[in-house]
Amino acid sequence: MKKIAVFVHSMSSEYATTVVSGIYEYFKDKKDVTIFITQTRSPHYQYGISEYQFWAGAEYAVSDDIDGIIIVSNTYNFIMTIDEIRQVFRKFKNKKIVSIGLDLKIPGSYYTLSNPNNIYDEIVGYLKNEHGRKNIGFMSGNPTGSLESLDRFEAYKKALKKHGLTYNEKNVFHAYFTTQTGHDFIIRDCPTKNDVHFDAIICANDMMAVGVMDALKELGLRIPEDVMVFGFDNTSHSCLTTPSLSTVDQMIKGQGEIAAKMMHDILKGKKVSQQVETPLKVIYRHSTNSDIDLSEQFLSSKTLQPEYYNDLTRIDTMQDLIRGNISTKEFIESFVNLMDCSGYDSVYCCFLDYPLPNLREDDFTIPDHAKLLFYVDPDRNVSEYYENGLVVKPKKQLFPKNIIPAGVYMFQPLYLIDLQYGYLCCKIRTPNFAANSITLKLLDTTIIQNYEYTKTMKIQHFLEEANEKLLENNSSLDIQSKTDELTTLLNRRGFYEHGQKLINFSLSVKNTGIVCFGDLDNLKIINDTYGHEMGDLAIKTQAQVFKAAFRQSDVFGRLSGDEFAIVANGMTLENSEIVRSKINTLNEQFSKENKLPFTVSISLGFVPFSAENSDLTKLLKQADQKLYEEKRIKHAQRT
C-alpha cells in the first residue's frame, strides 16, 4: 500500500478546490493507495490568529510512511516567491514529487505546465481579424512573482508581434490576481474613459477580468462595444458576469487528474515524462461579442441547491457537537451516530504525548512519539477508543499498521491557538473541499475540547479520591490542623500541602493552570468601623465567593487574616479577567445576602504554573507581586 500526501495552500479558491477534486476523482476507487489531502498554508504564515499552525501538516509528510507528494504549487504563489516555494519544498527531495503548475527544480521531481503561446495567438488573432481590435491591453499578475503569469505575459507579447500589432506599455497593468486590484489598477491609471486607449484587454485570470469589467462600466464604457475583455481559468465567475466573460479553460480538474495519474504510475515503476503539458481551450462568450448559448455552462438551481443545503446540514451538525463538555469516549459514541451527516466515512485521531508549544516564528519538527487515541469506521463496524493510546513513531509511521485502509482522506494537524496536540485524518465521502475545510476545523476544535475535559475529569476524580482517602486515613485532629476554623477552607499548612499536590498531578498529565493570591481590601477599616465580628463575617463572605467562583476540583486556602490563595488546574491567564469579573459580581451578591453594610472587595494576582515554574512558594510570591500592582492601581484611582 503506497501513501501519497497532497499539498495545497488552502481550499479558499475555486482553482484549488477544483484541482483537488480532480485528484480525488482519480484516486477514489483505487485499492492500492492511501491519499492524505493537506491544507498547509505556508511556514510562519502571517495572516489569521493561528493559521500558521497548518504548516505542521506538511511537516508530518517527512515521515518514512509517505511515499510521494503531489504539490499544487501554483496555489502558493499568492503568498510566496518562486524561490521561496522551491526552497521550502526542497526538504521533501527524498520523496517522489509531482508539482502542478511549477517546476520546483528538485532533482528527480516531475511537474505539469500549460503553454499559453498557441492560446494567446488564437485570442489576439480573433480580436484583430474578427473584430478589428488593434490596441489590445493586458493585465498580469506579475507582482506576485507567478511563473504562470510571467509566461502568459510573454505569450501575449509574442502574439502581438506575430499579428503585427504594437506593444504599448500604457495598455499594460500589473495587478495581484484579485478582483479588487483588477478594478483599482484600471481606475488608478485611467481616471476617465478618455484615458482608456485600449479597445480590448486580456487578463491573466478571471478574477482580475471581473474587476476590469467593473472599472470600465464605472467609467461609462460599454462591453464589448467599446472594450472587449478576456479572462483566464474559466471559473464560475466567468459565467455569472454581465456580460458573460470570454476566457481560457485550462481544464483545472483535469490538471489534478493528470498529476494524480503521473504519481500513481511513478509509484508503480512506470516510465513517466518529467514534464507533462496540460491542455488549454478558448471559451468565447458575450464580453467579446460572441453570440453563444450559455445554458449548458450554468449550474442549474436543481443541481446546486441540494449540495448547498447538504453542506449547511454538515456544518450545523458539527456545531452541535461543540456545545457542552463531554468526555472523549462520549464524543465518539455521539459522533458514530452523526457520521452519516458529517461528510466523512471514518475518522482517525492521534495525539502527542503532551501539547507542544508552536509559535508563529517557530519551525515545527515532526515529534518522535504519538498515540492513536481513537478511530471510528462505521463501514467496517469498528469504533475504538484507547484511553492510554496505541503508541506510534510518526517519523517512521503516522498510524499503526493496517489501521487505515485505501482511500482518499483529509489530513490536518490538531492545534489550539499556539499548541500542537496531534493530527487528524478523515476519509472523504463528500468531495466539497471548501465545506470540508470548515467541518474539519470544527471537528478539530471539538476533539481538543473533549480531550481537555477528559483530562480535567481525571484530575477531579483524583482529587475526590484523595479527599476520601484523607477523610479515611487521618484523624479528626489532623484534619483540624489543616483547616481554617472561621472559613472551613484549608489553612496555610493544608493549602501548601494540597496545592502543591494538585500542581504536581496536573503537570504529570501534561496540563497547566494558575495560582491566584488574594488580599481582602480594607479589612482594618472594617474592623475599626464596624467591629471584629463584622470583619469575620466579611472574611467568611469572601470564602463563600471563592467556593462559588471556582470549581470543586480547585484547591482554596486562607493563609492569614485577610489573605486567600487558590490553585486552579486548566485555567489560563486569558481566563483570569473573566474570573475576576465573576468574583466582583459575587461579592456584591453575597454582601447583600449576608446583610453587610458594605460590599466586600478583594485584590487579586494571577500567575501560571508550568513544568518550568511549579514551586508553590515561589508562585505565591509572584502572584503577590501581581496583587501589589493591582492595589497600586486601585490606590491611584481613589486619589
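The values are calculated or read from the model by the stated rules, or taken from the named source; none is laboratory data. As the structure is a computational prediction, the values presented were derived from the model and not from experiment. Cβ: placed from backbone, ideal geometry, glycine included. Neighbour counts: every protein chain shown. The area values use the complete protein model at the heavy-atom level, side chains included, leaving out ligands, DNA and RNA. Shrake-Rupley method; radii C 1.70, N 1.55, O 1.52, S 1.80 Å.
What to note about this one:
- In this structure Cys341 has an accessible area near 60 Å², from a 1.4 Å probe over the protein heavy atoms.
- The residues of region 76-230 present an accessible area of 43 Å² per residue when probed at 1.4 Å with all protein chains retained.
- Separation in nanometres of the label points that stand 7 Å from Cα toward Cβ, at Val276 and Leu359: 4.4
- Rounded to the nearest 10 degrees, the inclination of helix 14-27 to the longest alpha-carbon principal axis of the chain is 90 degrees.
- Karplus-derived HN-Hα couplings along region 441-455 (A = 6.51, B = -1.76, C = 1.60, θ = phi - 60°), whole Hz, x at Gly and Pro: 5, 5, 5, 4, 4, 5, 5, 5, 4, 6, 5, 5, 5, 4, 4
- Pairwise FRET efficiency - Ser236 versus Val509, Cβ, R0 = 41 Å, nearest 0.05: 0.25
- Counted charge near Leu104, where neighbours are those whose Cβ lies closer than 10 Å (Asp, Glu -1; Lys, Arg +1): +3
- Between region 1-65 and region 265-281, the Cα center-to-center distance that results, in Å: 20
- Carbon + sulfur, % of accessible area of region 1-56 - ligands and nucleic acids excluded, 1.4 Å: 49
- Amide H partners (placed H, <5 Å) of Ile97, local residues excluded: Ile69, Tyr110
- Here the gap between Ser50 and Lys592, fully extended at 0.36 nm per residue and compared with their Cα-Cα distance, gives a gain of 190.7 nm.
- Neighbour net charge for Tyr26 - beta-carbon separation under 12 angstrom, K R +1, D E -1: 0
- Approximating the spin labels as points 7 Å out from Cα along Cα→Cβ, the Thr529-to-Lys31 distance works out to 8.4 nm.
- Taking amide H as placed 1.01 Å from N in the peptide plane, Tyr409 has its amide H under 5 Å from the amide H of Ile35, Phe36, Ile37, Ile428, each at least 5 places away in sequence or on another chain.
- The residues neighbouring Asn118, those whose beta-carbon lies less than 12 Å from its own, together hold a net charge of 0 under the Lys/Arg +1, Asp/Glu -1 convention.
- Heavy-atom surface analysis with a 1.4 Å probe gives region 68-184 a carbon and sulfur content of 48 percent of its accessible area.
- Residue-averaged 222 nm ellipticity for the chain, from DSSP H runs of 4+ at -39500 (n - 2.57), nearest 500: -13500 deg cm²/dmol
- Based on protein heavy atoms only, region 519-573 ends up with 42 Å² per residue of surface accessible to a 1.4 Å probe.
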